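Colleague: Got a structure for you, written out below as structure tokens; questions coming shortly.
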Amino acid sequence: MRWLLPLLCLTLSLNVQANATPIDATRQVDKVLVLKSERKLHLLQRGETIKSYRISLGKQPSGAKQREGDLRTPEGFYWIDWRKASDKYQLSLHISYPNARDLANARQAGVSPGSMIMIHGTPLDEEYPEWFFHTLDWTEGCIAMRNADMREVWELVKDGTLIEIRP
């Protein structure tokens, strides 16, 4: 029975090392694919996944964003249209939400569609360490990831990259 704990630790460390493989910087990311149901963000080049990351979503993760303040993450096709370093969330990439369909749906419902949907890192907070956020859906509709993962995505994903967010 004593061998079980060391075996578990070895298995976990090998898994972490396998997932930490570096990306060939010459491979250009041409699409970001988010699968909300899997809590995964995939970087694609010509339809092939070159890297995947665990993500967190809005506090109401089921369904597409319909209005400002509904705490949902949008679904559909958008663009990464600008980026900024953030005091609160480290690095962030802006998603071009709302698109024409989102605007039409919100107009028909007589509500504001919302805005400022980002892919961003995790807050640096002395009370809540980064690991605390990693498995929760805690944003107001954004897509959040660990800061180390966000730094990698920041380097690999250029402005103008297509992003598809699926249920």
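The values are calculated or read from the model by the stated rules, or taken from the named source; none is laboratory data. All values derive from a computational prediction rather than experimental measurement. Cβ sites come from the backbone with ideal geometry, for glycine too, and all protein chains shown count toward neighbours.
Colleague: Read through the list (1) in a loop (DSSP other than H, G, I, E, B); (2) at pLDDT 95 or above, then give the number of the only condition that residue 37 fails.
Modeller: (1)
Colleague: Then there is this: More than 14 Å from the chain's Cα centre (by Cα) and at pLDDT 95 or above - does that describe any residue in the range 139-150?
Modeller: Checked the range 139-150: no residue is more than 14 Å from the chain's Cα centre (by Cα) and at pLDDT 95 or above.
Colleague: What is the residue count in the range 25-34 for residues that are surrounded by fewer than 18 Cβ atoms within 10 Å (Cβ to Cβ) and either at pLDDT below 95 or not in a loop (DSSP other than H, G, I, E, B) (or both)?
Modeller: Pass one, the range 25-34, residues surrounded by fewer than 18 Cβ atoms within 10 Å (Cβ to Cβ): 25-28, 30-31, 33.
From what is left, the residues that are either at pLDDT below 95 or not in a loop (DSSP other than H, G, I, E, B) (or both) are 25-28, 31, 33.
Going through the range 25-34 one residue at a time, the tally reaches 6.
Colleague: Given the condition part of a strand (DSSP E or B), among the hydroxyl-bearing types (Ser, Thr, Tyr) and over 18 Å from residue 155 (Cβ atoms), answer yes or no: does some residue in the range 56-66 qualify?
Modeller: yes
Results for (1) modelled with pLDDT of 95 or more; (2) over 22 Å from residue 37 (Cβ atoms); (3) among the hydroxyl-bearing types (Ser, Thr, Tyr), shown as yes or no for each residue.
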site	(1), (2), (3)
76	yes, no, no
100	yes, yes, no
121	no, yes, no
156	yes, yes, no
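Colleague: Is there a residue in the range 85-93 that is crowded, with 21+ Cβ neighbours inside 10 Å, farther than 17 Å from residue 69 by Cβ and in contact with a His (Cβ under 6 Å, 6 or more places away or on another chain)?
Modeller: The answer is yes, given that some residue of the range 85-93 is crowded, with 21+ Cβ neighbours inside 10 Å, farther than 17 Å from residue 69 by Cβ and in contact with a His (Cβ under 6 Å, 6 or more places away or on another chain).
Colleague: Please find, within the range 59-84, the residue that is surrounded by the fewest Cβ atoms within 10 Å (Cβ to Cβ) out of those that are charged (D, E, K, R) and within 20 Å of residue 160 (Cα to Cα).
Modeller: 84
Colleague: Separate question: If you go through the range 60-67 one residue at a time, do you hit one that is charged (D, E, K, R), at pLDDT 95 or above and on the phi > 0 side of the Ramachandran plot?
Modeller: no
Colleague: Right, another one. Which of the residues belonging to the range 73-109 are among the polar types (S, T, N, Q), in contact with a Phe, Trp or Tyr (Cβ under 6 Å, 6 or more places away or on another chain) and closer than 23 Å to residue 129 by Cβ?
Modeller: None; the set is empty.
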